[in-house]
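Peer 1: My structure is below; once you've seen it, I'll send some questions.
The values are calculated or read from the model by the stated rules, or taken from the named source; none is laboratory data. Since the structure is predicted, the reported quantities are computational estimates derived from the model, not experimental observations. Because the Cβ atoms are built from the backbone with ideal geometry, glycine has one as well, and the counts that use them run over all protein chains shown.
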Amino acid sequence: MQEFILDVPTDVVTLAEAVSWAQEKLNQSGSHFIASVNPEICFSARRNSALQKALLAADLKIPDGVGIVLASRLCGGQIRERVTGIDLMEELVALAAAEGKKIFLLGAAEGVAAAAAAKLKERYPPLLVAGTAHGYLPQAQDGELAGSIAASGADLVFVALGSPRQELFVAKYGAASGAKILMVVGGSFDVLSGRLRRAPLLYQRLGLEWFFRLVQQPKRILRVWIMPSFLAAVTQQRLFTGGRKHC
Ligand code: UDP
């Protein structure tokens with residue numbers, strides 16, 4: 001089941017459901033795209049039709065963040081649990097390790113993907129890492145990059161190129177990469193590599209992870225300001241359409 005929030009579809013899924021969805025897809029043919037929906041993406045999809053199209057085409061769209069849960073409640077929807085990109089990524093890495101599937105990490109500053117891969121290998125032996133690549137190659141080389149992912153034989157690719165670049169990369173090159181699942185993960189490699197700290201569990205439970213990230217990266221202040229305008233836009237759309245499950 002899906003809910004549309006500011007015209008962006010989000011799946012009503014829990015973390016456990018997302019993992020079993022992925023487990024099924026890992027053993028099927030074809031490539032599958034996991035996208036993350038958050039307030040920022042909802043706003044930027046309004047201005048960027050290519051991003052909106054990529055999100056519509058994604059096979060699983062996780063409700064990534066407290067903003068989406070609040071928006072769903074405001075609209076009388078059923079999303080009750082946020083499924084963060086980093087939590088789902090860790091679950092999928094554990095699954096890959098258990099099933100002998102190969103992962104590829106694409107994105108973040110030079111050295112970060114490799115450091116994250118090394119940490120994941122320690123945490124989830126016997127994890128198979130097909131390769132890593134940083135995320136600052138010229139966009140003109142995206143086709144070549146997809147070719148090297150295909151050559152690596154990766155089953156699962158985590159893409160951390162920032163939005164909307166990561167969604168557009170997966171929409172365009174997902175099939176060419178030959179991977180079964182490509183998931184966009186924003187800043188997750190920075191946390192998994194130890195370059196940034198993830199918020200302690202208490203902050204996560206209280207829905208205050210954004211505050212912890214703001215303290216570590218004060219330049220995110222503009223991104224935090226999005227939340228009130230996002231909830232205002234959702235309320236306005238709901239009043240305008242009178243819509244339930246679609247606002
Ligand atoms: N990034 C990248 N290439 C780019 C722009 C960004 O590899 O051209 C990386 C950046 O280094 C960071 C990630 O993409 O690791 C995006 O992180 P951000 O904190 O913006 O994402 P969020 O988690 O907030 O979605």
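Peer 1: Considering every residue within region 121-135, establish whether at least one is surrounded by fewer than 19 Cβ atoms within 10 Å (Cβ to Cβ), within 27 Å of Asn27 (Cβ to Cβ) and of a type in the set (Lys, Arg).
Peer 2: yes
Peer 1: What is the number of the single condition among (1) closer than 28 Å to Cys42 by Cα; (2) in contact with a Gly (Cβ under 8 Å, 6 or more places away or on another chain); (3) more than 11 Å from the ligand (Cβ to nearest atom) that Ala140 does not meet?
Peer 2: Tallying (1) closer than 28 Å to Cys42 by Cα; (2) in contact with a Gly (Cβ under 8 Å, 6 or more places away or on another chain); (3) more than 11 Å from the ligand (Cβ to nearest atom), Ala140 fails exactly one: (2).
Peer 1: Further question: Looking at region 165-183, is at least one residue within 9 Å of the chain's Cα centre (by Cα) and over 20 Å from Glu144 (Cα atoms)?
Peer 2: no
Peer 1: Among the listed residues Leu145, Leu128, Leu156, which satisfies the condition of being modelled with pLDDT of 95 or more and within 16 Å of the ligand (Cβ to nearest atom)?
Peer 2: Only one candidate passes the filter, namely Leu145.
Peer 1: Now for a different question. Would you mention how many residues in region 31-49 are in contact with a Pro (Cβ under 7 Å, 6 or more places away or on another chain) and either basic (Lys, Arg) or closer than 25 Å to Ala176 by Cα (or both)?
Peer 2: 2
Peer 1: Could you tell me which numbered condition Lys172 fails, if it satisfies all but one of (1) out of contact with any strand residue (DSSP E or B) (no Cβ under 9 Å at 6 or more places or on another chain); (2) at pLDDT 95 or above; (3) away from the ligand (no atom under 16 Å from the Cβ); (4) of a type in the set (Lys, Arg)?
Peer 2: Lys172 satisfies every listed condition except (3).
Peer 1: Using beta carbons and a limit of 7 Å, which pairs, at least six apart or on different chains, have the first residue in region 32-52 and crowded, with 18+ Cβ neighbours inside 10 Å and the second one part of a loop (DSSP other than H, G, I, E, B) and of a type in the set (Phe, Trp, Tyr)?
Peer 2: none
Peer 1: Could you say whether any residue in region 90-108 is within 30 Å of Pro125 (Cβ to Cβ), among the aromatic types (Phe, Trp, Tyr) and either touching an Asp or Glu at 6+ places or on another chain (Cβ under 8 Å) or more than 16 Å from the ligand (Cβ to nearest atom) (or both)?
Peer 2: no
Peer 1: Please determine, by comparing only the residues of region 53-83 that are assigned to a helix (DSSP H, G or I) and within 16 Å of the ligand (Cβ to nearest atom), which one is surrounded by the fewest Cβ atoms within 10 Å (Cβ to Cβ).
Peer 2: Top of the filtered list is Val66.
Peer 1: Continuing with this model, one more query. Here is a list: Glu110, Glu122. Which entry is without any contact (Cβ under 8 Å) to a residue 24 or more places away in the chain and either acidic (Asp, Glu) or farther than 22 Å from Ala35 by Cβ (or both)?
Peer 2: Sole residue among the options that is without any contact (Cβ under 8 Å) to a residue 24 or more places away in the chain and either acidic (Asp, Glu) or farther than 22 Å from Ala35 by Cβ (or both): Glu122.
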